[in-house]
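Just so it is clear, none of the values below were taken in a lab; they were calculated from the coordinates. Just so you know, these numbers come straight off a predicted model, no measurement behind them. Note: ideal-geometry Cβ built from the backbone for every residue, glycine included; neighbour counts use all protein chains shown.
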2 protein chains.
Amino acid sequence: MFVCSCVRENEKRFRNGGMNLREFSKKIGLSQTTISRAMNGHPEVKEATRLRVFEAAERLNYAPNVRAKAMATGRSMAIGHIVPLSSNPDMVNPIFSDFLAGAGESCIRHGYEIVLAFAEHGRLDHAYRALVAKGGVDGLIVHDPVLDDGRIEILNDLGLPYVMHGRSHRVELPYSWVDVNNKRAFERATNFLLDLGHRKIALVNGRADADFAARRQMGYESALRGAGIEPEPAMVRSGPMTEASGYAAARDLLAGPVRPTAFLVSSIFSAYGVRRAAEEAGLTLGRDLSVVIFDDDIAYLRNGGDVPRFTALRSSVHEAGLRASDLLFRLIAEPASGPFAELLEAEFIVGQSTGPVRE
Amino acid sequence: MFVCSCVRENEKRFRNGGMNLREFSKKIGLSQTTISRAMNGHPEVKEATRLRVFEAAERLNYAPNVRAKAMATGRSMAIGHIVPLSSNPDMVNPIFSDFLAGAGESCIRHGYEIVLAFAEHGRLDHAYRALVAKGGVDGLIVHDPVLDDGRIEILNDLGLPYVMHGRSHRVELPYSWVDVNNKRAFERATNFLLDLGHRKIALVNGRADADFAARRQMGYESALRGAGIEPEPAMVRSGPMTEASGYAAARDLLAGPVRPTAFLVSSIFSAYGVRRAAEEAGLTLGRDLSVVIFDDDIAYLRNGGDVPRFTALRSSVHEAGLRASDLLFRLIAEPASGPFAELLEAEFIVGQSTGPVRE
DNA sequence: TTGAAAGCGGTACCAA
DNA sequence: TTGGTACCGCTTTCAA
């Protein structure tokens with residue numbers, strides 16, 4: 001009663017899931033060449049023949065071996081994502097799931113698969129080099145860029161098409177990317193709070209070395225300056241976008257010398273923490289405190305419903321994944337057509353927690 | 001200034017990330033055979049030679065092409081996860097991220113990669129068949145089993161090693177799986193609430209067709225019966241484990257003829273919804289209402305901290321991913337050693353919201 | 001201890 | 001419109 005005992009009975013069948021082209025060609029009395037052409041849509045094969053091939057393939061459950069195909073064509077029909085492990089809680093996260101789902105949609109359309117390579121943090125460069133050298137993917141999507149990301153140089157050098165999810169601020173080299181307009185989003189959110197009369201606005205941001213966080217802070221500061229307010233470093237907190245981190249930041253800020261009347265929060269997770277800290281301080285959101293969050297529209301958390309109790313700037317990671325992937329496929333098909341740049345705008349949604357200063 | 005223009009200059013380099021074995025062997029004056037043996041740890045190669053090979057590989061940045069290696073050996077060094085897309089919000093979700101991170105750790109140790117194949121929902125069977133037929137993976141991890149999961153028969157038939165994440169209740173066939181002891185977890189949680197004096201305990205559960213949800217309900221009902229209470233179907237709600245769904249369920253239950261004094265909630269996401277509904281009804285958790293949640297320990301949301309405001313049964317999806325993957329590798333190495341079964345226990349953590357009945 | 005050559009399962013060129 | 005055949009890059013007998 002062993003699940004896989006059958007496998008050992010037939011070692012041949014283990015190596016490949018089914019039949020190979022030669023057997024198949026013998027069975028239906030056509031050359032391997034013709035079959036290959038038929039299955040790959042080459043125009044010179046007679047329609048009747050093609051039909052016969054497809055019918056037989058279906059009937060005999062024949063499917064070409066991807067590895068062999070990859071070797072013969074030089075294309076592996078897979079795109080790679082390198083996932084930094086463990087020490088970076090921002091990476092293997094719900095956002096990433098949503099991004100993958102979007103990328104997956106694009107992949108389905110192109111008949112591609114996604115290869116996830118995991119790398120110990122700090123060994124990222126090596127991971128990219130290895131992944132490319134091993135030749136298992138036709139393109140790469142690069143996650144979690146930092147302000148001055150050294151991977152860009154490496155990847156340009158490697159010559160494999162890639163698209164970054166996010167940008168790297170201080171890099172002058174050309175590269176393709178898809179990003180949310182973080183600066184504008186936070187500028188708008190800050191202006192929104194300023195319009196309500198707030199003057200003491202705190203920013204609970206992502207990790208300081210993350211590019212997106214820097215852009216968000218730029219937007220925040222630019223809006224403040226536009227209103228004649230000099231940004232206070234003490235009003236800004238950076239850290240991982242988790243409930244715990246948001247809680248710590250908000251508790252700290254609320255206990256500080258200048259109590260904020262409004263919070264700008266970089267993720268819905270930190271926002272839950274901010275809410276907890278506020279409640280513990282006896283404050284009610286939407287009455288004693290205004291909170292605007294940046295919301296990556298996590299499908300799982302909300303399924304498109306409203307963000308309860310918050311005013312939100314909504315952007316879709318799912319769509320970012322889709323767009324980044326689509327871009328990558330264009331780059332793979334036509335390498336000289338890039339680099340591409342695509343900026344997604346966040347939608348502003350007024351929720352229930354906009355208060356209280358409204359002077 | 002095109003990122004990838006360099007690629008076209010050298011078509012050879014595009015097909016494979018670097019140099020191939022033949023070039024490499026010429027460069028260092030050894031036969032391909034010797035190099036292959038050296039790199040794969042065969043005993044017959046002289047230690048000095050092996051060192052020379054490794055040094056040269058490092059220096060010249062040579063890495064064997066995985067596809068070619070896969071073809072020659074019959075092993076692809078990749079394990080596959082099929083991800084049902086779109087119509088199932090429970091799949092591409094934060095839980096899945098955490099699971100992948102765990103599986104990734106295991107993969108790193110074994111030098112494997114993860115292939116994600118996305119399938120339109122309802123075409124899952126086909127996706128598995130195709131993935132196996134294409135021969136791109138050495139094993140499969142199967143997600144999101146339903147009560148009577150037809151994939152098991154197919155997969156046994158296919159003969160590729162696989163491990164299920166979760167079980168399928170009504171299937172008699174042998175198969176390997178890793179699962180949380182959902183029944184016991186919910187039995188304990190229910191008993192915990194019963195001990196506090198609660199008699200009207202609601203269950204906000206996952207989708208009705210999911211196996212884990214059925215097991216949780218079994219545990220819940222068994223504990224109630226043990227206390228001489230006949231379970232009320234009206235006290236149970238099934239649905240996707242999202243904030244929105246939890247909110248709807250709790251609001252409904254709180255407005256119903258028999259108002260529950262305690263909630264047993266199947267995920268932290270639904271729990272946020274339950275909390276919102278409770279607050280809207282003017283109830284305070286931990287004072288007017290007891291809530292126990294099952295918490296998959298989403299790293300991103302909490303980073304191992306306490307679950308604020310809830311009593312929790314904590315289990316680690318991350319660990320499930322790790323264990324499932326490890327099991328799969330054993331199965332790949334020794335197919336006849338399975339099927340394996342592994343049950344993870346959930347840890348009970350008393351939080352701040354245990355109240356109020358405590359008679 | 002090393003090397004030559006035959007696969008692995010396809011694709012694509014060239015000839016028929 | 002079809003078929004023969006030389007690769008793709010590596011592993012693995014078999015012989016030296």
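Here are the numbers for this structure:
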quantity	calculated
Leading residue at positive end of dipole, region B:182-316 (Cβ point charges), from B:SER270, B:ALA244, B:ASN191	B:ASN191
Residue exposure sequence - A:ILE332, A:ILE114, B:ILE201, B:ILE154 - by fewest surrounding Cβ within 10 Å	B:ILE154, A:ILE332, A:ILE114, B:ILE201
Separation in nanometres of the label points that stand 7 Å from Cα toward Cβ, at A:GLU232 and B:ARG287	3.1
Under-5 Å amide H pairs with B:PHE348, H placed in peptide plane, nonlocal only	B:ARG314
With eigenvalues of the C-alpha gyration tensor scaled by 5 and rooted, region B:143-247, Å	30, 15, 11
Euclidean distance between Cα centres, region A:250-270 to region B:164-231, Å	40
Principal semi-axes in Å for region B:182-316 [√(5λ), Cα gyration tensor, largest first]	19, 18, 15
Karplus-derived 3J(HN,Hα), 6.51/-1.76/1.60, for each residue of region B:65-81, Hz, glycine and proline x	5, 5, 5, 5, 4, 4, 5, 5, 9, x, 10, 9, 6, 9, 10, x, 10
Per-residue ³J(HN,Hα) for region A:20-35, Karplus 6.51 cos²θ - 1.76 cosθ + 1.60, θ = phi - 60°, Hz, x for Gly and Pro	9, 4, 5, 4, 4, 5, 5, 4, 9, x, 9, 6, 4, 4, 4, 5
Exposure proxy order (Cβ contacts within 10 Å, fewest to most) of A:PHE294, A:PHE348	A:PHE348, A:PHE294
FRET E, pair B:ALA341, B:LEU51, Förster distance 51 Å, beta-carbon r, rounded to 0.05	0.70
Filter on A:LYS69/B:LYS27; A:LYS26/B:LYS69; A:LYS26/A:LYS46; A:LYS27/B:LYS69 - keep pairs with C-alpha separation over 23 Å	A:LYS69/B:LYS27; A:LYS26/B:LYS69; A:LYS27/B:LYS69
Taking B:ASP326, A:ASP252, B:ASP149 and counting other C-beta atoms within 10 Å, the order from fewest to most	A:ASP252, B:ASP326, B:ASP149
Dipole moment magnitude, nearest 20 debye, region A:182-316 about Cα centre, only Lys, Arg, Asp, Glu C-beta charged	140
Estimated inter-spin distance, A:LEU147 and B:HIS126, nm [label 7 Å along Cα→Cβ]	5.1
FRET efficiency estimate (nearest 0.05) - Cβ-Cβ, A:THR73 to A:LEU173, R0 45 angstrom	0.90
Interchain or long-range residues, amide H under 5 Å from B:GLY80's placed H	B:VAL115, B:ASP138, B:GLY139, B:LEU140, B:ILE141
Whole-Hz ³J(HN,Hα) from phi, Karplus 6.51 cos²θ - 1.76 cosθ + 1.60, for region A:139-150, glycine and proline x	x, 10, 10, 9, 9, 6, x, 9, 4, 10, 8, x
Net charge contributed by nearby residues that have their C-beta within less than 13 Å of B:HIS110 (K/R +1, D/E -1)	-1
FRET efficiency estimate (nearest 0.05) - Cβ-Cβ, A:ARG59 to B:MET218, R0 35 angstrom	0.25
